[in-house]
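Heads up, the thing below is written out as structure tokens.
Taken together, the values in this text are just the output of simple stated rules run on the coordinates, not laboratory data. Since the structure is predicted, the reported quantities are computational estimates derived from the model, not experimental observations. All Cβ positions, glycine included, derive from the backbone under ideal geometry; neighbour counts span all protein chains shown.
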Amino acid sequence: MSIQVNSTLVNYASQTNYKNQTDKTKDNEEKQKPMSAKDYEKSLFEKFEYLGKQTSMEGVPVNVSVSPAYIRKCANDPEQAKYLEENLKDIPNSVKSLCDYVKCATGGAVVTFANISIDANGNIICQSGSTNDPDGKIAKENAEGKAKEQKAKKAEKSKIYTMQSDKDKVQDYYEKLCKEFPQINFNKEGGVLPCNSNKVTVNLSKDCLKKMANDPEFAKEIEWNLSGEVAANSMVYGWAQRDGVVLGGRTVTYDANGNRESSCGGMRTANVVNGNNTNKIQNKYKEEEERWQKARKKRAEKEKLEKKKAEEKEAEKRAEKKENNENYTFNITVKGTDIKTITKQIMSNFSSISVGTSKLTSVDVKV
């Protein structure tokens with residue numbers, strides 16, 4: 001029995017096998033053939049959509065760029081290409097880790113930007129910033145507080161200037177008054193000083209003196225009264241002497257509104273005992289006056305001390321409020337060869353920087 005072989009089928013099978021082997025060889029050759037830099041760059045941009053432009057990751061503006069020179073190098077070097085693509089692939093997760101860590105480590109701060117670039121040698125440079133005041137609320141409050149403080153200081157300076165001007169004006173008027181009434185001793189320092197037969201003392205309120213310096217009509221009225229003080233004093237002591245009375249003292253006072261009050265005390269001098277009593281009264285008056293002056297001084301010192309303590313307490317409150325409301329900004333730059341390691345280094349620097357400075361802080365680190 002003879003077997004016939006269809007030569008057509010054999011030839012077709014042979015041709016098919018040859019074609020398959022040829023196609024495989026061609027595919028292998030194409031795979032081994034180096035990709036052009038332009039084609040490789042195109043494939044990178046298709047694979048990593050965030051490459052070469054600003055994008056948003058976790059709500060943060062992120063810029064990712066690769067040096068064209070390094071892309072050309074990777075197009076002909078599979079190992080370099082693998083290194084590049086692995087790092088590009090890890091960028092989104094690294095940004096997320098950074099955002100989560102900064103928020104936790106700084107008590108609510110947020111990452112403001114992230115710039116990631118790969119240079120011609122494959123070095124990765126990452127720049128990132130953070131702030132605890134993304135909406136500018138703290139900065140606005142601080143600016144308003146500072147403006148308010150400056151305004152208060154300006155008002156205080158203006159007040160001091162005005163007070164100094166008023167003080168100079170009052171002093172000028174006081175000197176004019178002393179020249180106009182040389183026989184009167186004006187007591188404007190507080191307390192009450194008595195007159196005697198040879199010396200007229202007028203206890204003039206500081207407020208009254210200030211009003212006189214600023215109100216000519218008011219001054220004219222008070223000056224008219226002052227013009228009769230010397231004569232009145234002589235008259236009172238003359239009457240006392242005529243009646244056999246020794247005056248222990250006489251006081252003339254003008255209050256803040258210019259109201260005048262005059263008083264005196266004395267006793268008859270029928271004998272020496274009465275004279276001694278007069279001296280005792282005068283001494284007692286002097287002692288009382290000294291006691292009053294000491295009490296007044298002590299009260300003034302107490303008020304001054306209390307005012308100082310209140311100012312120190314207020315300053316501490318302002319300082320505490322300022323510290324709690326301080327805004328800060330951090331910028332960190334890290335250079336390395338692995339995006340994961342770089343991200344960890346940035347985290348480490350964020351946690352080590354002292355929180356609470358309003359100045360821009362820049363840190364450059366190589367890993």
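Of note:
- Taking the average, over residues, of other Cβ atoms within 10 Å as the packing measure, peptides 147-153, 215-221 rank 215-221, 147-153 from highest down.
- Estimated FRET transfer efficiency (residue 156, residue 188; beta-carbon r; R0 25 Å; 0.05): 0.45
- Here the label points at residue 121 and residue 42, each 7 Å from Cα along the C-beta direction, are separated by 3.3 nm in the simple model.
- Sites residue 96 and residue 262, calculated FRET efficiency, Cβ-Cβ separation with R0 56 Å, nearest 0.05: 0.05
- Using the Cβ of residue 198 as centre and a radius below 15 Å, the other residues enclosed give a net charge of +1, where K and R count +1 and D and E count -1.
- Environment charge at residue 41 (Cβ cut-off 15 Å; Lys +1, Arg +1, Asp -1, Glu -1): +1
- Residue-span extension gain [residue 311 to residue 146] - 0.36 nm each, minus C-alpha spacing: 57.6 nm
- The residues packed around residue 97, meaning those with a beta-carbon under 9 Å from its beta-carbon, carry a net charge of +2 if Lys and Arg are +1 and Asp and Glu are -1.
- Extension gain, residue 67 to residue 341: 0.36 nm times the residue separation minus the Cα-Cα distance gives 96.6 nm.
- Taking each residue as 0.36 nm, the span from residue 49 to residue 297 lengthens on full extension beyond its C-alpha to C-alpha distance by 81.1 nm.
- Point-to-point label distance, residue 76-residue 198, nm (Cα→Cβ direction, 7 Å offset): 11.9 nm
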